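Derivation of every value follows stated rules applied to the coordinates shown; laboratory data play no part. For clarity, every value in this text was computed on a predicted model and none was experimentally measured. Because the Cβ atoms are built from the backbone with ideal geometry, glycine has one as well, and the counts that use them run over all protein chains shown.
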């Protein structure tokens, strides 16, 4: 079975679009990481704290365990947040956040 040129071009174009999407996501995430780090650092050095702690149940609609692991790691990498628990059916994650 040989791969025709249009099929090869379509696969390559999907690959390029995926790489571009991943690059956009990484840039977006790092921007949000810098913003959240700055806000949290500003709140830490202020004499009067404006943030309160809270635990929030976040609904999740992810089928893949790998995608779920990536989501939990991204949440945990954000300053001021932590995934505390995941329900057995993997439909909700309990996250601890600094809320205003």
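Could you order peptides 65-77, 49-61 by the average number of other Cβ atoms within 10 Å of their residues, highest first?
On the way: 65-77: 12.5, 49-61: 10.9.
Result, highest mean Cβ count within 10 Å first: 65-77, 49-61.
The fewest-to-most ranking of 18, 88 by surrounding Cβ atoms within 10 Å reads 88, 18.
Sort 40, 23 so that the residue with the fewest other Cβ atoms within 10 Å of its own Cβ comes first and the one with the most comes last. If you can, show how the numbers build up before the last one.
Values: 40 15, 23 10.
Least to most surrounded, the residues fall as 23, 40.
Please work out how much length the chain gains when fully extended from residue 34 to residue 89, using 0.36 nm per residue of separation minus the C-alpha to C-alpha distance, in nm with one decimal. Spell out each step's value before the answer.
Working: separation 55, 0.36 × 55 = 19.80 nm, distance 3.29 nm.
Length gained, residue 34 through residue 89: 16.5 nm.
For the chain, what class follows from the C-alpha gyration tensor (a ≥ b ≥ c being the square roots of its eigenvalues): rounded when a/c is under 1.5, otherwise prolate if a/b is larger than b/c, else oblate? Oblate.
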